[in-house]
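K.L.:
Pasting in a structure now, in structure tokens, and then I'll have a few things to ask.
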Amino acid sequence: METPYALIIKFFDEECTAEEIQSLVAWRQASSNNETIFQELLHTWNHDHGNKDKDVIPAKARVWSMVQSHIDAENEIFPSYPKQTLAQVAVVAASIALVAGLFISFLLFFHMPATVTYANVETPPGQKSHMTLPDGTKVWLNSGSKIVYASDYNKKMRIIKLVGEAYFDVVHNPKCPFVVETGFVNVKDIGTAFDVEAYPNDSIINVSLVRGEARVVSAIDQSQIALLHPNQMVSINKANLFSKLTNCNAVDQSIWIRNQIRFNGTTPDEMFNQLSRWYGVNIEVADASPQMRYWLTLKTESLTETLALINKISPITYTINGEEVHVKFRP
């Protein structure tokens with residue numbers, strides 16, 4: 001796959017559409033070499049923009065030189081030309097580089113704010129996905145979830161809007177804060193790997209921490225709700241932002257990123273609610289006892305296999321009609 005240099009520079013200049021951003025993300029994930037090229041160019045670009053008091057023409061020449069070096073590395077055939085021809089080409093190339101440098105300098109001195117676009121990454125019900133953000137942060141999206149981030153991500157702030165559940169393995173950068181917004185609470189990274197469960201139809205938001213620290217604050221007034229340490233989980237009521245901090249096995253809370261789902265003392269309603277998302281179906285449950293609890297781990301079982309397993313634990317009858325599933329507990 002050819003390196004999309006024009007698209008990369010367009011991304012750096014905050015001019016990409018959401019579709020172009022997703023295309024660039026896919027290219028970066030295609031190979032480790034692609035990611036290395038991207039990070040080298042990003043580092044140089046950020047260095048140039050962070051030194052606005054210096055002459056920008058040599059800085060842009062460095063970016064151009066890096067791009068050219070990568071292009072040279074990708075070419076397997078190197079034709080030979082007479083020295084006179086090469087000299088003429090060099091003069092023309094130098095002229096073009098000078099004009100391009102002057103034009104870029106003009107744009108930087110008289111830069112108008114670029115229109116901010118947004119990338120929307122969504123996982124359908126019953127599926128999961130994994131991606132790497134422009135700063136190297138890794139994100140896993142659970143079933144029926146989505147994240148949205150702006151084209152200026154990683155400039156001054158790294159803001160992710162989340163609907164559903166996601167696991168974040170964050171590349172820490174104190175100069176560029178990482179924040180997950182759910183609409184009710186915000187989770188701020190302090191060098192972390194954490195899971196946020198914030199489905200729209202759930203009354204509770206759960207945030208669990210695997211490593212590092214994370215601060216959970218109110219989205220309304222930024223007041224602190226909890227400061228999480230490893231193997232802690234905070235559960236927040238959406239209605240009043242009342243919270244409960246508990247110790248947990250954080251790896252279990254995010255076990256879904258390894259294509260497993262685990263229930264530890266879970267009620268029937270909670271269990272079937274999670275199974276609905278896991279399999280991408282709508283499960284209606286009747287005559288379940290709220291005192292009943294389940295302890296089990298599912299890996300590769302199909303929906304039919306899972307229902308048969310539950311039937312062995314507590315007798316049920318069930319019907320599956322496409323995406324509609326009806327479960328009834330027997331006495």
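The values are calculated or read from the model by the stated rules, or taken from the named source; none is laboratory data. In this text, all values refer to a predicted model and were calculated from it rather than measured experimentally. Positions of Cβ are backbone-derived with ideal geometry, glycine not excepted, and every protein chain shown enters the neighbour counts.
K.L.:
Which condition number in (1) in the same structural domain as G164 (by TED's automatic domain parsing); (2) over 21 Å from W140 (Cβ atoms) is the one that N249 fails?
P.N.:
(2)
K.L.:
In the set N154, N173, N231, which member is of a type in the set (S, T, N, Q), within 24 Å of Q22 (Cβ to Cβ) and buried (at least 17 other Cβ atoms within 10 Å of the Cβ)? Write out each step before concluding.
P.N.:
On the way: N173 fails: buried (at least 17 other Cβ atoms within 10 Å of the Cβ); N231 fails: within 24 Å of Q22 (Cβ to Cβ).
Exactly one residue qualifies, and that residue is N154.
K.L.:
Does R215 qualify as being among the basic types (K, R) and closer than 21 Å to T123 by Cβ? Give the steps one after another, and end with the answer.
P.N.:
Numbers: among the basic types (K, R): yes; closer than 21 Å to T123 by Cβ: no.
So R215 fails the test.
K.L.:
Sort out for me the strands (runs of 3 or more DSSP E) sitting completely within region 140-200 that have 2 or more residues that are among the basic types (K, R).
P.N.:
158-169
K.L.:
Is it the case that some residue within region 200-207 is among the polar types (S, T, N, Q), outside the structural domain of N273 (by TED's automatic domain parsing) and either touching a strand residue (DSSP E or B) at 6+ places or on another chain (Cβ under 7 Å) or crowded, with 16+ Cβ neighbours inside 10 Å (or both)?
P.N.:
So far as region 200-207 goes, yes, one or more of its residues are among the polar types (S, T, N, Q), outside the structural domain of N273 (by TED's automatic domain parsing) and either touching a strand residue (DSSP E or B) at 6+ places or on another chain (Cβ under 7 Å) or crowded, with 16+ Cβ neighbours inside 10 Å (or both).
K.L.:
So, in region 222-240, of the ones that are over 25 Å from G191 (Cβ atoms) and not in a strand (DSSP E or B), which residue ends up modelled with the lowest pLDDT?
P.N.:
A239
K.L.:
Which condition does V163 not pass, out of (1) within 28 Å of E301 (Cβ to Cβ); (2) touching a residue at least 60 places away in the same chain (Cβ under 8 Å), if it passes all the others?
P.N.:
So the condition that V163 fails would be (2).
K.L.:
Restrict the check to region 269-277 and report whether at least one residue is touching a strand residue (DSSP E or B) at 6+ places or on another chain (Cβ under 7 Å), touching a residue at least 24 places away in the same chain (Cβ under 8 Å) and of a type in the set (D, E, K, R).
P.N.:
No - not one qualifying residue is present in region 269-277.
K.L.:
Moving to a separate point now. Which one of these is polar (S, T, N, Q) and touching a Lys or Arg at 6+ places or on another chain (Cβ under 7 Å): S235, S129, S208, S145?
P.N.:
Working: S129 fails: touching a Lys or Arg at 6+ places or on another chain (Cβ under 7 Å); S208 fails: touching a Lys or Arg at 6+ places or on another chain (Cβ under 7 Å); S145 fails: touching a Lys or Arg at 6+ places or on another chain (Cβ under 7 Å).
That would be S235, the only listed residue that is polar (S, T, N, Q) and touching a Lys or Arg at 6+ places or on another chain (Cβ under 7 Å).
K.L.:
Hey, another quick one. Within region 304-320, does at least one residue satisfy the condition of being more than 26 Å from Q253 (Cβ to Cβ) and touching a residue at least 60 places away in the same chain (Cβ under 8 Å)?
P.N.:
Within region 304-320 (the criterion being more than 26 Å from Q253 (Cβ to Cβ) and touching a residue at least 60 places away in the same chain (Cβ under 8 Å)), the answer is no, since none of the residues qualifies.
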